[in-house]
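Shown next, in structure tokens, is the structure this report addresses.
Every read-out reported here was derived from the displayed coordinates using simple, explicitly stated rules and does not represent laboratory data. These numbers come from a predicted model, not from an experiment. Counting neighbours? That spans all protein chains shown, and the Cβs are built from the backbone with ideal geometry, glycine included.
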Amino acid sequence: MTEQPDEDPVGSPTLLNAPRAPLGIRVAGAGASAARGLGVGLLDLDGEKLRRFAAGQLGNVSPAGELHDDPAFDEGLAALCHSANSDAHLTGFGRLAVASHIRRAVETRRVRATLQRTHPELLQHPIGSPIVVVGLPRSGTTFLHNMLALAPGHRPLSLWEVQRPLPVTSRSRRRRITVRQIRMLKRIAPHFDTIHYVDADSPEECTMLLDHTLVSPSFFYFAPVYSYFEWFLEQDLTTGYDGYRECLGYLQSETPGHRLVLKAPGHTLQLHQLLRVLPDAKLVLMHRDPSEVIASLCSMFFTLHSAVATVDPHDTGRALRRLLERGMSNLLASRDELPPQCAIDVDFRELIADPVAAVRRIYDHFGLPFSSTYEATLEAGAREWGEGTAGRHRYTLTDFGLEREAVREAYSPYNQRFGV
């Protein structure tokens, strides 16, 4: 849980010197690239080919024509494929990974269209008053989300659920696919758990529920699709959050008596859309010094992107500074418009100093019952995570072409407003 500061000792290794992928993965990627060079269509990141592949996989679901009724989806698919082909510098393995991500999105969208026709009540199931942890990335959102998920009656969403939220196939098969993908990630980037622990069953960010609309930040999270990222930042996500709400409705219908506990820093980009579809949400806004956030964020993205592409760390720094500035600006513009009863601010330092007290304050703010049993569970969870289950990693701002004072100056309005 504890992160290292970004001033490293002289000569200490950083993630820019991370070990290469295992030989077998590199050979597989090289073979895939060679196949593409010989004209084999396995790695063609072409929107229409990916649509047809998904249609062939699904069989008796909504007809293919229903895939062409949304200009935002079509534009997103074109922007993503163009970016993956032109500016992401993907390896052969990376092209396979991005193609798989797109096919998964197309499949989920087709199943959603089928449910709209056959079982619309599942997609529109009442959600109630979920707790949603938002804020700048790397500000303690994952730790707090895990703590809140421990409460009796709370329902977090696991990684396999947010990747495949609708019944493309059975629950057990959807989970097995994610287990295999996580196993592959840990072979390619064995040190990634020192940055962000991932497991098929662990609570995960809910913005992946936007993926099937093809207007989602997670495509950039997993691959350096820079021009798609720029396109995404300028989009209206009304249609995307409509799809997000329907996926949540389906997941809530599986456990109707539980309160959803969600987390995604990406919601800072679209808080008004989040509250439009979840008007009764209880928002927990996490805050941390952006100069620390961006250093940690760069190290995480560089590790992920290096698994699938040839990456310039300075490109990583520029893109993530832009992402952070957009999220910070939206938080500043939106915070004072939120009714006091629907939102609470939590400082990263407060959470780390006394996690149980921070959670109790959140419960008190929202008028939720805080039992002694839950308190004991929190204390045990805080001890476990505090002992370093996520490990330690090192990173420096300068590795990514960024300077601490320049970053702090750029983010000074945020620092002053939230006291970080």
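Between Ser412 and Arg383, what's the calculated FRET efficiency when r is the beta-carbon distance and R0 is 51 Å? Round to 0.05.
Approximately 0.90, to the nearest 0.05.
Quick one: P(r) of region 197-258 from all Cα-Cα pairs, 5 Å bins, percents rounded to integers, in order of increasing distance.
4, 16, 22, 22, 17, 12, 5, 2, 0
Of Val179, Thr207, Thr255, which is farthest along the charge dipole of region 147-255 in the positive direction, counting Lys and Arg as +1 and Asp and Glu as -1 at C-beta?
The residue sitting most towards the positive pole is Val179.
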